[in-house]
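Reading through the structure tokens given below for one structure.
The values are calculated or read from the model by the stated rules, or taken from the named source; none is laboratory data. Just so it is clear, the structure is predicted and the values come from calculations on it, not from any experiment. For neighbour counting, all protein chains shown are included, and Cβ atoms are generated from backbone atoms with ideal geometry for every residue, glycine included. Heavy atoms of the whole protein, side chains included, go into the accessibility calculation; ligands, DNA and RNA do not. Shrake-Rupley method; radii C 1.70, N 1.55, O 1.52, S 1.80 Å.
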Amino acid sequence: MTPRPTADPTIGDRIRARRLRRGWSIRYAASRAGVSHATWSRIERGRQAADNRFTLAEIAGALECSPAELAGAPVPATDRAAAAAQTAVHGIRRALVDADLTEPAAGAAPPVAGSARTLALADTLRQGCDYAGAARLLPELLAALHAAAAGPDRAAALRLLCDATFIASSVLRNLGHPADAWLGAERCRDAAEAADDPVLRGYAAYARASAAAACGSYDRALAVAGRAVDELRPHAGRPGGSEVLGSLMLVCAYAGRGDRRPDDSRAWSAEAEELARRTGETTALGMYFGPTNVGIWRIGIEADGGDPGLAAQIARATNPAGITAGFRQVFYYADTARALARIRGREREAARYLLTAERLAPQHMHTSAVAQETTRALLERSRRTAAGSQLRGLCERMQVG
């Protein structure tokens, strides 16, 4: 018989291995992280899902590594698109390194109009969570716009390069590569500075703050986004200004909660909510700022911030159809599932939300460590409560067992 391959280590396995390499007791490691030793122990033993981003960042900080190193979500071999997206990461990373505006481009610039069409397609694919499709287009697009930024169409090329590097940062972050996402966001800032546009500078700051938060650097994310809010306020009347301003407020709310500043987080959320009432639903710069997106962000904040009941309550009052983009809708379903999974008696509902998120954005779900952790926790409970075959099928597709 062919031996069964060893299962991929869980987040709990990685946490335990790193702790033991340092010779630390659970009690000592937990004290460094500021979490209870009981919580740490349950996570290590797989008795509690490590799908709370704030807790995972605290544990990673205590172990002197990044949250991504602990997450290390495997890509299901059966999901060829998700595997292709991961394979494309190196090409995007190299293109971002090369797209340095202080250095000359390697080749001649193709017409900017063609790059604009490619950019629009890449963004459509990203918004539909087709990361593999977007990733295939990005390296050549970044090189073309880098070259064009040195030519007669510099102004147009810089704006397009700002968008392309923002998309690259978003794709890399959602594929679980936050440090590479930071590089993309830095290139976005370079293009925004060269374009001398305050709205684009705020747009780039959103990318940088989002990447910092994904790295677990919530204090850095809050500093970057908070400073950008102050700088953008005088320019909020420009096209896209209010939408970027509101999106920066949402990053501040999320980072504030991760930085253990709940009062500041609530204040940022309230300000974003008030601004969204004035703007209504919008699509400027692909930010999709508006009441629906504010609700989706608040669900994630409460799911990670320790109030799953409030997250579920916000979810009931939020209609994800208010946003057409799959890359925002998937967070509604996935984060609501995380919240419901922590409420006794809501496991079946949580599983339905996970399945909806997977149908909407399989590449996203199959590369999300927190989604895999929630699925693993539900599977463990289903063995005691005899949950349906749909959850078991999801576990098989995500290689969770």
Checklist entry - Is it true that some residue in the stretch 151-166 is in contact (Cβ under 8 Å) with a residue 40 or more places away in the chain and farther than 14 Å from residue 191 by Cβ? => result yes
Checklist outcome for this item: Expected output for the stretch 1-30 (first residue of a type in the set (D, E, K, R), partner part of a loop (DSSP other than H, G, I, E, B) and modelled with pLDDT under 90, Cβ below 6 Å, 6+ apart or cross-chain) is 8/74
Checklist entry - In the stretch 116-160, what residues are of a type in the set (Ser, Thr, Tyr), open to solvent by 10 Å² or more (accessible area, probe 1.4 Å) and either under 20 Å from the mean Cα position of the chain (by Cα) or at pLDDT below 95 (or both)? => result 124
Item to check | Enumeration of residues in the stretch 32-54 that are open to solvent by less than 40 Å² (accessible area, probe 1.4 Å), within 19 Å of residue 216 (Cβ to Cβ), outside any loop (DSSP other than H, G, I, E, B) and without any contact (Cβ under 8 Å) to a residue 60 or more places away in the chain | outcome: 33, 39, 40, 43, 44
Checklist outcome for this item: The number of residues in the stretch 332-355 that are open to solvent by 40 Å² or more (accessible area, probe 1.4 Å) and under 23 Å from residue 172 (Cα atoms) is 1
Checklist entry - Restricting attention to the stretch 15-31, which residues are closer than 12 Å to residue 65 by Cβ, surrounded by fewer than 17 Cβ atoms within 10 Å (Cβ to Cβ) and of a type in the set (A, V, I, L, M)? => result 17
Next on the checklist: Give me the residue from the stretch 309-327 that is at pLDDT below 95 and open to solvent by 30 Å² or more (accessible area, probe 1.4 Å) and, out of that set, nearest to residue 361 (Cα to Cα).
Outcome noted: 324
Checklist outcome for this item: Going through the stretch 252-274 in order, the residues found to be part of a helix (DSSP H, G or I) and buried (at least 19 other Cβ atoms within 10 Å of the Cβ) are 252, 253, 254, 255, 256, 257, 258, 265, 268, 269, 272
Checklist entry - What are the residues in the stretch 313-364 that are in a helix (DSSP H, G or I), within 25 Å of residue 177 (Cα to Cα) and among the small types (Gly, Ala, Ser), if any? => result 326, 334, 337, 339, 357
Item to check | Of the criteria (1) within 19 Å of residue 200 (Cα to Cα); (2) at pLDDT below 95, which one residue 111 fails | outcome: (1)
Checklist outcome for this item: (1) in contact (Cβ under 8 Å) with a residue 40 or more places away in the chain; (2) of a type in the set (A, V, I, L, M, F, W, C); (3) part of a helix (DSSP H, G or I) all hold for residue 137 apart from (1)
Item to check | Pairs with Cβ under 6 Å, 6+ apart, first in the stretch 89-113 and in contact (Cβ under 8 Å) with a residue 12 or more places away in the chain and of a type outside the set (Gly, Ala, Ser), second surrounded by 17 or more Cβ atoms within 10 Å (Cβ to Cβ) and not in a helix (DSSP H, G or I) | outcome: 89/177; 112/153
